[in-house]
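K.L.:
After the structure tokens below, expect a handful of questions from me.
The values are calculated or read from the model by the stated rules, or taken from the named source; none is laboratory data. All values reported here derive from a predicted model rather than from experimental measurement. Here the Cβ is made from the backbone with ideal geometry for all residues, glycine too, and neighbour counts use every protein chain on show. In case anyone asks, the SASA skips ligands and DNA or RNA and just uses the protein heavy atoms, side chains included. Shrake-Rupley method; radii C 1.70, N 1.55, O 1.52, S 1.80 Å.
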Amino acid sequence: MAEDQRPDPDALLERIQTEEARARRGKLKVFFGSCAGVGKTYAMLSAARQLRAQGRDVVVGIAETHGRAETQALLEGLEQVPRKEIEYRERFIKEFDLDAALARKPALILVDELAHSNAPGSRHPKRWQDVVELLDAGIDVFTTVNVQHLESLNDVVGGITGIRVWETVPDHVFDEADEVVLVDLTPDELLKRLQEGKVYLPQQAKSAIRNFFRKGNLIALRELALRRTADRVDEEMRAYRRSEAVKPVWQTRESLLACVGPGGGGERAVRNAARLAAQMDIPWHAIYVETPRLQRLPRKARARILQTLKLAKDLGAETATLPGDDAAATTVAYARDHNLTKVVVGRDHEATFWRRSFAERLGRLAPDLDVVQVARDREGAPLKETRRLFLSRDRSPWRAYAQSAAACAAVTLLATPLRDWLDLTNIVMIFLLAVMGVALRLGRGPAVLAAFLSVAFFDFFFVPPRLSFAVGDVQYLLTFGVMLAVALVIAQLMANLRYQARVAMNREGRARALYEAARDLSAALQPQQIAEICDRFMERVFGAKAAIILPDAQDRLREAGGEDGSVPALDTGIAQWAFDHGETAGLGTDTLSAAPILYLPLKAPMRTRGVLAIEPRHGEWLQIPEQRRLLDTFSTLLAIAIERVHYVEVAQDAVVKMESERLRNSVLSVLSHDLRTPLTALVGLSDILPLDPLSPRQQEAAAAIHGEAVRMSALVNNLLDMARFQSGEVRLNRQWQPLEEVVGSALQASAAALGEREVTVELPEGLPFVEFDAVLIERVLCNLLENAGKYTPAGAQVRITAARKERVMEISVCDDGPGLSPGREETLFDKFTRGRAESAIPGVGLGLAICRAIVEAHGGRIWAVNAQPHGACFIFSLPLGTPPDLSVPPEA
Amino acid sequence: MGEPVVVVVEDERQIRRFVRTALEEDGCQVHEAETASRGLIEAGTRKPDLVILDLGLPDRDGVDFIRDLRSWSSVPVIVLSARSGEEDKIAALDAGADDYLTKPFGVGELRARVRALLRRRGPQGEGSGPVVEFGAARMDLISRVVTRGGEEVRLTPIEYRLLAYLVANAGKVLTHRQLLREVWGPSHGDSPHYLRVYMGNLRKKLEADPARPRHLLTESGLGYRFKP
């Protein structure tokens, strides 16, 4: 097999991972149509009924029947999730109840109208986000979409029909659907249905909608829908071929780059790139290069750029905002880094002889890149607005202009007495100096004013005829012209310089703040310290209030660190959502954007460590990319700091635990040695006493000493064993073996304790081998047999039986003694519990507790019942598992 | 042959004391050693018939002691071990110890074990006789015939080898590993369930009540012992 015929292992791995992720996710089936009225909801409900009839757990989340009787009829007999009422502007809007659906957790849920926008105050602004959450929860979803609601086709449909809808679904949601069913109806039939009144039209919008349902529109929409479906089928086919590796269709993984510029072409470039990328099935990126010049853009223009980037992200692009001095060079560098071979740009302005268009500059810098220019949007004329610097906190502009005028006047006053000594050219120099000073101190506007005033004052007070604007010598006009030009250039240069210095200072300030925060964080040892550093940083850099919310052991969030009320409107529910999903939520995000607070999950390398809640003074600053970058960097720092603190705690805990473990072990081993040695001596010495002739009393005493020493040693053994089990130190030496061996050895070991009692063993033939630790199970049996010996009268019968029950082996030890006190069957197994309180029977009640510990360590269970007609039965089970091959190899 | 010589290696004086008393009562000549190194010297010079060794000696690991001893002597060894020291016991038995006693132990138990091992050493011990009888069973090592209650019992070759090895080491605790190695060969050291299957078969064929064997005894977690 040729090397290049094999599927790419990386691609295979990726496919396996995607399939695994998909297996856990719910499946999405989209009923896709060209426009309203083709019968999507009807088709969806019919399909659901069929599945319902086959026994699937189907629930209707929301279905818009628009009062159509035939559709309404299909709804009957299907379980529906009650809608949630949301109050909005004194009206109640009935919305799909996501939480109820998640709580109900059906196998399949029907959610109509994927493009629907939820009422303000819902968790997500868009219904498709609800659907994504349902899918994540492993619930299958049926839904419906019209072609005009697909984000990438939205403007095309708008262009065809003249009606642009604002409810859109990102293409990736549609593309990632597991199945798409095209619900098709010819335009003629649709129009017929419309005339028959079978298609619902809202009263108020009737005329507009009638306009929409023109035959030409319907044909175009149908074509779009068919084509989009065909694209998808095509992609499925290609995916199939890739997966089967029947005949690999090689494609270089080229990708696209859409450039968002300050002009209006950005959105069009993005939509075009999205369509191109979808057709070619390649990934794509969208970037915005922010040059120092662009940082001064009016707020509205910046907002539009951010909006465009967000659109790109929704359409499936990887987006970035890059700082750079030269937009073209930065773009080329990015394209090279990410192996992007095609660049889509909006047409910015007509090329002039001194300034090339952006596309041309790109082409010169990187002749190997394909550059695609797309038309500019008509409404995309550059926004005119007073240029306000978001950074500058200038003193009031009027004062600056007054100061500028005053400076010019002062120069005039100063120069007037000097005019007899100085040439007029030198006086011009003094004015230029003043303009420079104004530009440096007061900025561009006042400097421009100063330039004009200087020319005017120079003309009025110095150029003969003085005190008049008239000019004696025509050559002064040239002087004025040059003076004005030079003054303006100086003003511009100085103002730029000043601006850049301020930007640099600002950056430096932020970098320093970040650096200091990082330094402080690296020294923080407790969550409270981290919270304080966070508060300080947020206040200083963003002027915002912040709180860190950390999860408890059950991953439930609780507020920590920050002083009480640092962020009063904190909503733990949103914070929990952000934490669970690892996504930002709240202010300015996709999730609950109406909240006044932004919730950022603190993602550390190992896991999400908590949530940072920020209440900014102005909501807009969250939209500014450099602020967001700074915030993201800081939140990463915070997350790492929290994680580090967490691991410090873990390490300390481990050290403490190890210490206590070591202590306990040494105590145990000392105890076991130091108690046993004298006991052994006691037992042995009391045993040899009778070797010499003793009086009967002495003999009795010797026997008593011996008996007590043996009891004491049993007690010590029990206590030490229990301690070992409690510390989890016991390792099982499990081996496959027959029960009869351990029963035999246990009977042999407890022969003395059983005395005269008759023991019957009933082990059925052919019992399987069981995996257990023989020593410990012998211990269990011995303890049970000794109990039988202790609590039954001499001559009692003891029976040991074993039986196979489904997946366990049950072994029981029964006697025909007086039995257990009713109701105490379970407490018997607690530590220091005795069968009969304060009885003369020796023991401390650890035997059964040890039995339970042993059996449970084997994964089994132990319990007691009273036998009929009287007597006690102790039963324990051991899991059977799969025994090894016990067939004996043939003998040679 | 004179009175049997026993060396007791044990660091606790009181334990040594009652062991000595108990064994002298049985007519043994007892030499004591407090440490392992001293014990090796005693074992070398006294030519003992039996060594009693505590596994928890302060100066040296008991298993090392047995290995050393076994390099030049096949004298029977009884080890004294703490409870819950299964690994130590197995290691000592594998190294060549013959039997073990778990502390605390009674004098009666001690004397019984000592007697059993001393008996094996004498020329009249069961280990060397051509015919071994236990319970209703009778094993003729020359004609390789095993009978029970007078009727011949058919044993497979492995069953026979297993039984013969157990009988030859009567009274001695044989670990799973030793039995597997001796009967199956060195490659079967890790499959003790074969051994369990064959032991089960032997018990069914030779014991009166296989669930409560009287001769083919199980030492839980360690191995088996043949008790005549």
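K.L.:
Answer with yes or no whether B:Arg212 is within 14 Å of chain A (Cβ to nearest Cβ), touching an Asp or Glu at 6+ places or on another chain (Cβ under 7 Å) and more than 24 Å from B:Pro130 (Cβ to Cβ).
P.N.:
On the way: within 14 Å of chain A (Cβ to nearest Cβ): yes; touching an Asp or Glu at 6+ places or on another chain (Cβ under 7 Å): no; more than 24 Å from B:Pro130 (Cβ to Cβ): yes.
Spelling it out, it is not the case that B:Arg212 is within 14 Å of chain A (Cβ to nearest Cβ), touching an Asp or Glu at 6+ places or on another chain (Cβ under 7 Å) and more than 24 Å from B:Pro130 (Cβ to Cβ).
K.L.:
Of all residues in segment A:769-791, count the ones that are part of a helix (DSSP H, G or I), charged (D, E, K, R) and facing another protein chain (nearest Cβ under 8 Å).
P.N.:
Pass one, segment A:769-791, residues part of a helix (DSSP H, G or I): A:774-791.
Right, trim to charged (D, E, K, R) and you get A:778-779, A:786, A:790.
Then drop every residue that is not facing another protein chain (nearest Cβ under 8 Å), which leaves A:778.
Residues that pass the stated criteria total 1.
K.L.:
Could you figure out which of (1) within 14 Å of B:Arg161 (Cβ to Cβ); (2) at the interface with another protein chain (Cβ under 9 Å from one of its Cβ atoms); (3) touching a His at 6+ places or on another chain (Cβ under 8 Å) isn't true of B:Arg181?
P.N.:
(2)
K.L.:
Failed condition for A:Lys603, given (1) in contact with a helix residue (DSSP H, G or I) (Cβ under 6 Å, 6 or more places away or on another chain); (2) open to solvent by less than 70 Å² (accessible area, probe 1.4 Å); (3) at pLDDT 85 or above, with all others met?
P.N.:
(2)
K.L.:
Next question, about the same structure. Filter segment A:802-843 down to residues that are among the polar types (S, T, N, Q) and modelled with pLDDT of 70 or more and give me whichever is nearest to A:Ile777 (Cα to Cα). If you could, list the steps in order and put the result at the bottom.
P.N.:
If we filter segment A:802-843 for residues that are among the polar types (S, T, N, Q), which is where we start, we get A:812, A:821, A:827, A:833, A:839.
Of the ones still in play, those that are also modelled with pLDDT of 70 or more are A:812, A:821, A:827.
Numbers: A:Ser812: 13, A:Ser821: 26, A:Thr827: 21 Å.
In this case the residue turns out to be A:Ser812.
K.L.:
Which is closer than 27 Å to A:Pro323 by Cα, open to solvent by less than 20 Å² (accessible area, probe 1.4 Å) and modelled with pLDDT of 85 or more, of A:Leu514, A:Leu598? Can you show your working first?
P.N.:
Numbers: A:Leu514 fails: open to solvent by less than 20 Å² (accessible area, probe 1.4 Å).
Going through A:Leu514, A:Leu598 in turn, just one is closer than 27 Å to A:Pro323 by Cα, open to solvent by less than 20 Å² (accessible area, probe 1.4 Å) and modelled with pLDDT of 85 or more: A:Leu598.
K.L.:
I need the full set of residues from segment B:192-228 which are among the acidic types (Asp, Glu) and without any contact (Cβ under 8 Å) to a residue 24 or more places away in the chain, in order please. Break it down into steps so the answer makes sense when it comes.
P.N.:
At the first step, the residues of segment B:192-228 found to be among the acidic types (Asp, Glu) are B:207, B:209, B:219.
Matches in segment B:192-228: B:Asp209 only.
K.L.:
While we're looking at this one, here's another question. Is there a residue being within 9 Å of chain B (Cβ to nearest Cβ), part of a helix (DSSP H, G or I), more than 58 Å from the chain's Cα centre (by Cα) and not acidic (Asp, Glu) anywhere in segment A:749-768?
P.N.:
Yes; the residues of segment A:749-768 include at least one that is within 9 Å of chain B (Cβ to nearest Cβ), part of a helix (DSSP H, G or I), more than 58 Å from the chain's Cα centre (by Cα) and not acidic (Asp, Glu).
K.L.:
A further question follows. Can you tell me which residue among A:Val667, A:Val656, A:Val648 is under 36 Å from the mean Cα position of the chain (by Cα), under 30 Å from B:Glu87 (Cα atoms) and away from chain B (no Cβ under 14 Å)?
P.N.:
A:Val656
K.L.:
Could I ask something else about it? Can you tell me which condition A:Ala273 does not meet? The list is (1) modelled with pLDDT of 70 or more; (2) open to solvent by 30 Å² or more (accessible area, probe 1.4 Å); (3) assigned to a helix (DSSP H, G or I), and all the others hold.
P.N.:
(2)
K.L.:
Hey, does segment A:152-170 have a residue that's touching a Lys or Arg at 6+ places or on another chain (Cβ under 6 Å) and of a type in the set (S, T, N, Q)?
P.N.:
Checked against the condition, which is being touching a Lys or Arg at 6+ places or on another chain (Cβ under 6 Å) and of a type in the set (S, T, N, Q), segment A:152-170 yields at least one hit.
K.L.:
Might you let me know whether segment A:696-707 holds any residue that is more than 49 Å from the chain's Cα centre (by Cα), of a type in the set (S, T, N, Q) and surrounded by 13 or more Cβ atoms within 10 Å (Cβ to Cβ)? Before the answer, list the steps.
P.N.:
Here is the first cut: in segment A:696-707, the residues more than 49 Å from the chain's Cα centre (by Cα) are A:696-707.
Now restrict to residues that are of a type in the set (S, T, N, Q): A:698-699.
Still in the list and also surrounded by 13 or more Cβ atoms within 10 Å (Cβ to Cβ): A:698-699.
Yes, the conditions are met somewhere in segment A:696-707.
K.L.:
Could you tell me whether segment A:622-639 includes any residue that is surrounded by 14 or more Cβ atoms within 10 Å (Cβ to Cβ), farther than 25 Å from A:Arg512 by Cα and either basic (Lys, Arg) or in contact with a Lys or Arg (Cβ under 8 Å, 6 or more places away or on another chain) (or both)?
P.N.:
Scanning segment A:622-639 turns up no residue that is surrounded by 14 or more Cβ atoms within 10 Å (Cβ to Cβ), farther than 25 Å from A:Arg512 by Cα and either basic (Lys, Arg) or in contact with a Lys or Arg (Cβ under 8 Å, 6 or more places away or on another chain) (or both).
K.L.:
When you go through (1) among the aliphatic types (A, V, I, L, M); (2) modelled with pLDDT under 85; (3) part of a loop (DSSP other than H, G, I, E, B); (4) more than 18 Å from A:Gly39 (Cβ to Cβ) one by one for A:Ala177, which number turns out not to apply?
P.N.:
(2)
K.L.:
Additional query: Which residue, of B:Val153, B:Val197, is at the interface with another protein chain (Cβ under 10 Å from one of its Cβ atoms) and either at pLDDT below 90 or open to solvent by 10 Å² or more (accessible area, probe 1.4 Å) (or both)?
P.N.:
Working: B:Val153 fails: at the interface with another protein chain (Cβ under 10 Å from one of its Cβ atoms).
Answer to the selection: B:Val197.
K.L.:
What pairs come up if the first residue lies in segment A:765-782 and is over 10 Å from A:Ala746 (Cα atoms) and open to solvent by 30 Å² or more (accessible area, probe 1.4 Å), the second is assigned to a helix (DSSP H, G or I) and acidic (Asp, Glu), and their beta carbons are under 9 Å apart, counting only those six or more places apart or on different chains?
P.N.:
These pairs meet every condition: A:Leu767/A:Glu740.
K.L.:
I'd like to verify a number: residues in segment A:866-880 that are exposed (fewer than 15 other Cβ atoms within 10 Å of the Cβ) and in a strand (DSSP E or B), how many? Lay out the reasoning, then the answer.
P.N.:
So in segment A:866-880, the residues exposed (fewer than 15 other Cβ atoms within 10 Å of the Cβ) come out as A:868-870, A:879.
With in a strand (DSSP E or B) added as a condition, the list becomes A:879.
Qualifying residue count for the region: 1.
K.L.:
Please state which one of A:Thr341, A:Thr331 is open to solvent by less than 50 Å² (accessible area, probe 1.4 Å), out of contact with any helix residue (DSSP H, G or I) (no Cβ under 6 Å at 6 or more places or on another chain) and at pLDDT 85 or above.
P.N.:
Details: A:Thr341 fails: at pLDDT 85 or above.
It is A:Thr331.
K.L.:
Give segment A:20-34 a look and list any residue that's surrounded by fewer than 24 Cβ atoms within 10 Å (Cβ to Cβ), over 19 Å from the mean Cα position of the chain (by Cα) and in a loop (DSSP other than H, G, I, E, B), or say none.
P.N.:
The answer is A:Lys27, and nothing else.
K.L.:
What number of residues within segment B:1-54 satisfy the criterion of being within 14 Å of chain A (Cβ to nearest Cβ) and in a helix (DSSP H, G or I)?
P.N.:
Selection size over segment B:1-54: 13.
K.L.:
A further question follows. Scan (1) open to solvent by 40 Å² or more (accessible area, probe 1.4 Å); (2) within 11 Å of chain B (Cβ to nearest Cβ); (3) among the small types (Gly, Ala, Ser) for the single condition A:Ala802 breaks and write down its number.
P.N.:
Of the numbered conditions (1) open to solvent by 40 Å² or more (accessible area, probe 1.4 Å); (2) within 11 Å of chain B (Cβ to nearest Cβ); (3) among the small types (Gly, Ala, Ser), the odd one out for A:Ala802 is (1).
K.L.:
OK, next. Looking at A:Ile109, A:Ile93, A:Ile163, which one is farther than 29 Å from A:Ala274 by Cα and in contact (Cβ under 8 Å) with a residue 40 or more places away in the chain?
P.N.:
The conditions single out A:Ile109.
K.L.:
In contact with a Leu (Cβ under 8 Å, 6 or more places away or on another chain) and either away from chain B (no Cβ under 12 Å) or of a type in the set (Gly, Ala, Ser) (or both): is that true of A:Ala681 in this structure? Break it down into steps so the answer makes sense when it comes.
P.N.:
On the way: in contact with a Leu (Cβ under 8 Å, 6 or more places away or on another chain): no; either away from chain B (no Cβ under 12 Å) or of a type in the set (Gly, Ala, Ser) (or both): yes.
Answer is no for this residue.
K.L.:
Which residue out of A:Ala681, A:Ala654, A:Ala709, A:Ala702 is touching an Asp or Glu at 6+ places or on another chain (Cβ under 7 Å) and part of a helix (DSSP H, G or I)?
P.N.:
A:Ala681
K.L.:
What tally of residues in segment A:719-748 results from selecting those that are within 11 Å of chain B (Cβ to nearest Cβ), of a type in the set (A, V, I, L, M) and touching a Lys or Arg at 6+ places or on another chain (Cβ under 9 Å)?
P.N.:
The total comes to 5.
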